[in-house]
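Data first, discussion second: the structure below is written as structure tokens.
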């Protein structure tokens, strides 16, 4: 349980880090774009004063700068919130709050991971399944269950049925155990113990099997998400952004040659900003998908406390019969 919780917290810290860095990278990009828009807006104002730009084009430059200013404010707030989320996840305080983060997310690997046996790897390495196997072995040993016969050693089962104790008044009462009377013969009592032990063991087997099926599904889904995130991010970096740069450069040349108006120039700038923002978010999603893939294989994706609660509830079921 402690190991699962440690893996979960570590994965959450990695996710929080990638979100915080991505938010910082986006805020940095918007700050650069806003600075350029501010320069253009100031130039438009001066040109308007000299009659070199009409009021409509001046207003378009000004509103573009105003829009970017609002986007930058929101991005900086998101960056601050994501940093605080990272701080909470890592449990930092005091002087540790002055830690430094990277200004941008790391680049993608040259090629994605090839994991043709992702399900096998997950079943073999997932910490929840390792713990489940150990608990199942311990349960079998506690009942004396052997692989050769699959019988229960009743003498070593150590199960307690109903016991009798006396109140201060001398009245005898029974503690509730199995729904079996204490007066049954020894051999009947032994059969009840075998059935209860086998039911408990097979219930644990079924829970472990269910978890293994879920782990395989989670691994498949995590790998598909990882590959999809990689392909999308690479598409932005190798196709969308280079094409956007060409379009921006050509649009600026045509604007300087007075072949297009400021409206077309600003429309292209907005599209370039939107494309760069999407590329940053795609890169963030890739690193989040990488973390989720590692979690799907190794474990730590679900709170260990939740898993414990489910297991405790399931283990209590046989005792209610």
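The values are calculated or read from the model by the stated rules, or taken from the named source; none is laboratory data. As the structure is a computational prediction, the values presented were derived from the model and not from experiment. Cβ coordinates were reconstructed from backbone atoms using ideal geometry, including for glycine residues, and neighbour counts include every protein chain displayed.
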Can you tell me which residue among 61, 121 is farther than 28 Å from residue 227 by Cβ and either surrounded by fewer than 15 Cβ atoms within 10 Å (Cβ to Cβ) or in contact (Cβ under 8 Å) with a residue 60 or more places away in the chain (or both)?
-> 61
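Per-residue answers, yes or no, for (1) within 22 Å of residue 25 (Cβ to Cβ); (2) surrounded by 13 or more Cβ atoms within 10 Å (Cβ to Cβ); (3) modelled with pLDDT under 95:
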position: 232; (1), (2), (3): yes, yes, no
position: 239; (1), (2), (3): yes, no, no
position: 258; (1), (2), (3): no, no, yes
position: 270; (1), (2), (3): yes, yes, yes
position: 280; (1), (2), (3): yes, yes, no
Among the candidates 26, 72, 97, 47, single out the residue that is in a helix (DSSP H, G or I) and modelled with pLDDT under 90.
-> 47
Taking the stretch 50-69 and keeping only residues that are within 14 Å of residue 262 (Cα to Cα) and part of a helix (DSSP H, G or I), one is left with 55, 56, 57, 58, 59, 60, 61, 62, 63, 64, 65
Restricting attention to the stretch 50-62, does a residue exist that is outside the structural domain of residue 267 (by TED's automatic domain parsing) and at positive phi?
-> yes
Out of 38, 5, 12, 25, report the one residue that is over 19 Å from the mean Cα position of the chain (by Cα) and closer than 30 Å to residue 297 by Cβ.
-> 25
